[in-house]
1. Give the residue that is modelled with the lowest pLDDT, with candidates limited to residues of the stretch 62-77 that are under 15 Å from the mean Cα position of the chain (by Cα) and surrounded by fewer than 23 Cβ atoms within 10 Å (Cβ to Cβ).
2. Can you tell me which residue among 122, 99 is touching a residue at least 40 places away in the same chain (Cβ under 8 Å) and assigned to a loop (DSSP other than H, G, I, E, B)?
3. Being assigned to a strand (DSSP E or B) and either within 28 Å of residue 116 (Cα to Cα) or not assigned by TED's automatic domain parsing to the domain that holds residue 115 (or both): is that true of residue 82 here?
4. Just for the stretch 109-134: of the residues that are small (Gly, Ala, Ser) and more than 13 Å from residue 226 (Cβ to Cβ), which one is surrounded by the most Cβ atoms within 10 Å (Cβ to Cβ)?
5. When the stretch 1-44 is examined, which residues are found to be β-branched (Val, Ile, Thr) and closer than 19 Å to residue 87 by Cβ?
6. Taking the stretch 25-38 on its own, how many of its residues are loosely packed, with under 14 Cβ neighbours inside 10 Å and farther than 18 Å from residue 235 by Cα?
7. When you scan the stretch 129-147, how many residues do you find that are in contact (Cβ under 8 Å) with a residue 60 or more places away in the chain and farther than 15 Å from residue 180 by Cβ?
Amino acid sequence: MTFKAISFLAAPTPEAENAKASLVRQYGDTAPKDADVIVALGGDGMMLHTIHDTLDLDVPIYGMNRGSVGFMMNAFDEDDLKARLNRAQLIELHPLKMTAIDIDGRQHTELAINEVSLLRETRQAAKIRIIVDDIPRIDEMSCDGVLVATSAGSTAYNLSASGPIIPIGTELLALTPISAFRPRRWRGALLPSKAKITFEVIEPTDRTVSATADFNEVRNVVSVTVTQDRQHVAQLLFDPEHNLEERVLKEQFSA
């Protein structure tokens, strides 16, 4: 791949904005819609926002870490940026589509690169029914919540909830309970990426539940359906020596 026109986007932090100013002086700047590649400067949150904001542009994104964790970012270095871009490896990710119905009957549709999560809104435990491909699998789960994670998101909230790490390129989704009380010994499931997962909230007015696709939240949901969105694809670029697939693999052997 050969990239000439670069668009630089920065998180609203001094570190990221200073890095952008320096890179623009060296390489110029192009509007995202006219660029061959987008360089996102910040942390993983900035990468998620950039993917969401530019998903319809069909432009690959190369992240450089000017944030904290930076799991989805490459190391920051101003030198030879165009050479790094041209030898970077491409990873394609399909987002999840969340379709949520709230207690007023309104439908909300959002996309998620990392995960769709349901969480209780009150001190009372949520009660959730889990249906996979129209077959009920758990009639009632008493819990703090539940989530569905992509391979890219399996090392984020999913990992914190003791969910499995999924290697990039594996057509699997992680279905992971969050602090489940009943059934107590259920630790979640790995599902094919083509699965349709439906959550029905039991007692939705008394035990209110919110649903969040990455950072877009819907309050007081009655039901949530999660499917893979094959119409959109996120294109991410990684240095060959430090790509996302290798990072996910390393996470499985970390202490």
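The values are calculated or read from the model by the stated rules, or taken from the named source; none is laboratory data. Just so it is clear, the model here is predicted, and its values are computed rather than measured. Note: ideal-geometry Cβ built from the backbone for every residue, glycine included; neighbour counts use all protein chains shown.
1. 69
2. 122
3. Values: assigned to a strand (DSSP E or B): no; either within 28 Å of residue 116 (Cα to Cα) or not assigned by TED's automatic domain parsing to the domain that holds residue 115 (or both): yes.
No.
4. Residues of the stretch 109-134 small (Gly, Ala, Ser): 112, 117, 125-126.
Narrowing the set further to residues that are more than 13 Å from residue 226 (Cβ to Cβ) leaves 125-126.
On the way: 125: 17, 126: 26.
Top of the filtered list is 126.
5. 2, 6, 37, 38, 39
6. Number of matching residues: 3.
7. 4
A quick yes/no check of all residues on (1) among the small types (Gly, Ala, Ser); (2) under 16 Å from residue 3 (Cβ atoms); (3) in contact (Cβ under 8 Å) with a residue 24 or more places away in the chain:
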{"position": "43", "(1), (2), (3)": "yes, no, yes"}
{"position": "46", "(1), (2), (3)": "no, no, yes"}
{"position": "51", "(1), (2), (3)": "no, no, yes"}
{"position": "56", "(1), (2), (3)": "no, no, yes"}
{"position": "62", "(1), (2), (3)": "no, yes, yes"}
{"position": "72", "(1), (2), (3)": "no, no, yes"}
{"position": "82", "(1), (2), (3)": "no, yes, yes"}
{"position": "90", "(1), (2), (3)": "no, yes, yes"}
